Amino acid sequence: MQMMPTAPLPSGNAVRTASRNGHHSPDVYGPSGRSPWLDIDWREHQRWVMVEGRPVNVIELGEGPPLVFVHGLIGSWPNWLEQLPVLAAEHRVIAFDLPGFGRSPMPVEKISILGYARLLDVLLSTLGVDAAPIVAHSTGGCVVTELAIASPRRVERLMLAAPAGISTRAYRIYLPALHRSERVLMASTALAATNADLIARRPRLRGVALSTLASHPTLLSAPMAAELIRGAGKPGFVPALEALSSYYIGDRLPEIGCPTLIAWGDRDRTVSVRDADIFAELIPESRKVVFEDTAHLAMLERPDAFNALLTEFLSE
């Protein structure tokens with residue numbers, strides 16, 4: 001992980017407080033100052049954990065009650081860089097790479113949402129975590145909702161950021177083309193990852209690379225943009241997309257019994273914000289917050305507001 005100075009970001013006042021169930025109008029895009037993650041040697045917090053005979057790349061820091069973060073289809077554990085150091089002040093924060101993403105190798109068995117949920121269950125046991133709040137993004141949100149239903153004792157609270165599992169069934173129409181072009185896709189994303197720092201330092205290239213994920217990609221810091229580019233296009237992407245497109249969580253959402261917070265960006269073009277209403281309606285006693293002028297990466301596009309919302313949720 002390269003440690004580079006942050007790019008200039010727009011100035012602004014402190015974020016406004018989110019409503020209990022509605023839209024959130026933050027004032028700042030990106031971090032409001034120098035991000036704490038830039039000053040951490042992450043190698044000191046990385047370790048390999050064996051789960052069912054395969055290594056999983058795990059990041060841990062902080063002390064206190066555990067708090068778990070699960071990334072989505074478009075990245076790896078660094079998707080939570082803006083959260084981990086902040087929440088580590090009061091928690092033992094845990095993030096990891098799902099098999100086939102980041103530095104975790106592909107699983108032996110075929111990738112599935114159920115398989116990922118089972119892996120998370122075993123991983124938490126191996127780490128000595130009986131139960132914890134879990135924060136999950138996109139496909140990770142689908143994985144964690146399955147875990148919350150199948151093993152409710154594991155999940156004390158659930159924060160879902162643009163969770164997949166409803167409209168994402170439509171992704172199956174892209175699978176034939178993706179399978180035909182998988183080698184080209186992997187080669188092009190690998191090339192981009194190799195040149196991630198160069199792409200990230202140039203606002204125009206950064207904008208092209210992240211245009212589908214962020215509402216203002218040129219305003220993301222160069223170091224963060226580089227991490228996003230490096231994390232994309234891993235071997236697990238197409239198999240995980242195939243697993244996701246054949247999985248529908250909607251019918252089982254009423255079985256979730258833990259407090260649940262649903263967060264979304266109103267300009268999300270990856271997982272439709274219309275799904276937020278479905279999740280909020282089907283999960284008992286859940287609440288929803290929609291970030292204005294925000295796309296698929298609310299935790300990175302609006303980190304101060306996201307962290308404040310998460311901290312408030314954990315203290316309820």
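Read-outs: derived from the displayed coordinates by stated rules, not from any lab. Everything quoted here is computed from the prediction, not taken from an experiment. Cβ coordinates were reconstructed from backbone atoms using ideal geometry, including for glycine residues, and neighbour counts include every protein chain displayed.
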Next on the checklist: For residue 263, what residues show an amide H to amide H distance below 5 Å, using hydrogens built from the backbone and excluding near sequence neighbours?
Outcome noted: 160, 161, 162, 289
Checklist outcome for this item: Between residue 180 and residue 285, Cβ-based FRET efficiency (R0 41 Å, step 0.05) works out to 0.35
Checklist outcome for this item: The FRET efficiency for residue 130 and residue 201, from their Cβ-Cβ distance with R0 = 45 Å and rounded to 0.05, is 0.55
Checklist entry - Going 7 Å from the Cα of residue 151 toward and past its Cβ, which residues in the stretch 92-127 have a backbone nitrogen under 16 Å from where you end up? => result 94-99, 112-127
Next on the checklist: Quick one: 3J(HN,Hα) in Hz for the stretch 128-136, Karplus 6.51/-1.76/1.60 with θ = phi - 60°, rounded, Gly and Pro as x.
Outcome noted: x, 9, 6, 7, 6, x, 10, 10, 9
Checklist entry - Sequence-distant or interchain residues sharing an amide H contact under 5 Å with residue 302, placed H: which? => result 30
Checklist outcome for this item: For the chain, inverting the pair-averaged 1/r of distinct alpha-carbon atoms gives a Kirkwood value in Å of 19.4
Checklist entry - Along the stretch 233-248, what does the Karplus equation 6.51 cos²θ - 1.76 cosθ + 1.60 (θ = phi - 60°) give for ³J(HN,Hα), rounded to whole Hz, x for Gly and Pro? => result x, 7, x, x, 4, 5, x, 5, 5, 5, 5, 5, 5, 9, 10, 10
Item to check | Projected label distance in nm at residue 293 and residue 45, using a 7 Å step from Cα toward the beta-carbon | outcome: 3.0
Checklist entry - Along the charge dipole of the chain, Cβ charges K/R +1 and D/E -1, which of 282, 32, 228 sits furthest on the positive end? => result 228
Checklist outcome for this item: Amide H contacts under 5 Å for residue 100, restricted to residues at least 5 apart in sequence or on another chain and with H modeled in the peptide plane, are 106
Item to check | Cβ-derived FRET efficiency at R0 22 Å, residue 277 paired with residue 316, nearest 0.05 | outcome: 0.50
